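Take a look at the structure set out below.
The values are calculated or read from the model by the stated rules, or taken from the named source; none is laboratory data. All values derive from a computational prediction rather than experimental measurement. Please note: Cβ atoms are built from the backbone with ideal geometry, for glycine as well, and neighbour counts cover all protein chains shown. The accessibility values were calculated without ligands, DNA or RNA, using every heavy atom of the protein model including side chains. Shrake-Rupley method; radii C 1.70, N 1.55, O 1.52, S 1.80 Å.
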Amino acid sequence: MRVAVVTVGDELLAGDTVNTNATWLCERLTDRGVRVERVTTVPDRVADIARVVNEYRAEYDAVVITGGLGPTHDDVTMEGVAAAVGRTVEQHDEALEWLTTHGGYQAGDLVEGTTHLPSGARMLPNTEGVAPGAVVESVYVLPGVPTEMKAMFEAVEAEFSGERTYTEVVETPDPESSLIPVMDEVQAEFAVRVGSYPGESVRLKLSGTSEAEVGAAAEWLRERVSPMTDGG
């Protein structure tokens, strides 16, 4: 399964808020064997949201979008998603019923727009907040508040699946440029992919669909690179 993650918010683009939602979602999706192939951040603007969602839903099996839910002036994600799939945004009776039955709210206490979703959407209840999420075709719309987003995703994560990927990391003080031949060789020798992440040391991340193959590749690699010393 191939998935794109879209996060919405001017505050993310301005650097006012760290985009922890994207990292968390990528980790959880990857753990389920899903290939996350795009992570995109867009402003609180209907046209930008609609354009990106429309492009990605045509290319990927699912799009997960977070942020911009609610009744305030800059909460325009539902409108953008609706535009992407050619639907209108309207009062969702199930969302209203859930909030008044399970959420403890009176209908008159809810701000206008709180329960408006794209027509025909499947409502996702917000057990940690107010604004509901939605599934529209292959687009999953989640809140931006991390606690709310995590709880809502966990309610639907069984709908995301793929072939499980196993990983191991080999760390070495060797300069990255000197590791190119051994990285090429390990990929030729084993059915694994290698990622190289330099810093104070170089982290070589091995991944593949066979746990035994990844383990064997890691052992092979450790025999051919310099080990880390106790001092780092």
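Exactly one of (1) outside any strand (DSSP E or B); (2) within 30 Å of ARG87 (Cβ to Cβ) is unmet by VAL141. Its number?
In the conditions (1) outside any strand (DSSP E or B); (2) within 30 Å of ARG87 (Cβ to Cβ), VAL141 misses (1) alone.
Only one residue in GLU163, GLU128, GLU159 is within 24 Å of VAL63 (Cα to Cα) and touching a helix residue (DSSP H, G or I) at 6+ places or on another chain (Cβ under 6 Å), so which one is that?
Testing whether each residue is within 24 Å of VAL63 (Cα to Cα) and touching a helix residue (DSSP H, G or I) at 6+ places or on another chain (Cβ under 6 Å) leaves just GLU128.
Within the bounds of the stretch 177-188, is there any residue that is without any contact (Cβ under 8 Å) to a residue 24 or more places away in the chain, farther than 30 Å from TRP220 by Cβ and open to solvent by 30 Å² or more (accessible area, probe 1.4 Å)?
No; the residues of the stretch 177-188 include none that is without any contact (Cβ under 8 Å) to a residue 24 or more places away in the chain, farther than 30 Å from TRP220 by Cβ and open to solvent by 30 Å² or more (accessible area, probe 1.4 Å).
Quick check on the stretch 108-165: of everything there that is among the hydroxyl-bearing types (Ser, Thr, Tyr) and at pLDDT below 90, which residue is nearest to the chain's Cα centre (by Cα)?
So, considering only residues that are among the hydroxyl-bearing types (Ser, Thr, Tyr) and at pLDDT below 90, the one nearest to the chain's Cα centre (by Cα) is THR165.
Out of the residues in the stretch 20-50 that are in contact with a helix residue (DSSP H, G or I) (Cβ under 6 Å, 6 or more places away or on another chain) and closer than 23 Å to TYR166 by Cβ, which is most open to solvent (accessible area, probe 1.4 Å)?
VAL39
Only one residue in THR23, THR30 is at pLDDT below 95, assigned to a helix (DSSP H, G or I) and hydroxyl-bearing (Ser, Thr, Tyr). Which one?
Criteria check complete, one pass: THR30.
Touching a strand residue (DSSP E or B) at 6+ places or on another chain (Cβ under 7 Å) and closer than 24 Å to MET1 by Cβ - does that describe any residue in the stretch 167-179?
Yes: one or more hits.
Hey, can you tell me all the residues within the stretch 33-50 that are without any contact (Cβ under 8 Å) to a residue 60 or more places away in the chain and in a loop (DSSP other than H, G, I, E, B)?
The answer is PRO43, ASP44, ARG45.
List every residue pair whose Cβ atoms sit under 9 Å apart, with the two residues 6 or more apart in sequence or on different chains, where the first one lies in the stretch 135-163 and is within 26 Å of ASP74 (Cα to Cα) and the second, anywhere, is open to solvent by 30 Å² or more (accessible area, probe 1.4 Å) and in a strand (DSSP E or B).
Partner pairs satisfying both residue conditions: VAL135/ARG122; VAL136/ARG122.
Which of the residues spanning the stretch 1-19 are closer than 24 Å to ARG35 by Cα, part of a loop (DSSP other than H, G, I, E, B) and either open to solvent by 60 Å² or more (accessible area, probe 1.4 Å) or aliphatic (A, V, I, L, M) (or both)?
Once the filter is applied, which keeps residues that are closer than 24 Å to ARG35 by Cα, part of a loop (DSSP other than H, G, I, E, B) and either open to solvent by 60 Å² or more (accessible area, probe 1.4 Å) or aliphatic (A, V, I, L, M) (or both), the stretch 1-19 yields MET1, VAL18.
Given the condition crowded, with 17+ Cβ neighbours inside 10 Å, in contact (Cβ under 8 Å) with a residue 40 or more places away in the chain and in a helix (DSSP H, G or I), answer yes or no: does some residue in the stretch 87-106 qualify?
no
Kindly indicate whether VAL53 is part of a helix (DSSP H, G or I), in contact with a Gly (Cβ under 7 Å, 6 or more places away or on another chain) and either under 27 Å from GLY162 (Cβ atoms) or open to solvent by 70 Å² or more (accessible area, probe 1.4 Å) (or both).
yes
Residues of the stretch 56-83 being closer than 21 Å to VAL145 by Cα and surrounded by fewer than 16 Cβ atoms within 10 Å (Cβ to Cβ), which ones?
PRO71, THR72, HIS73, ASP74
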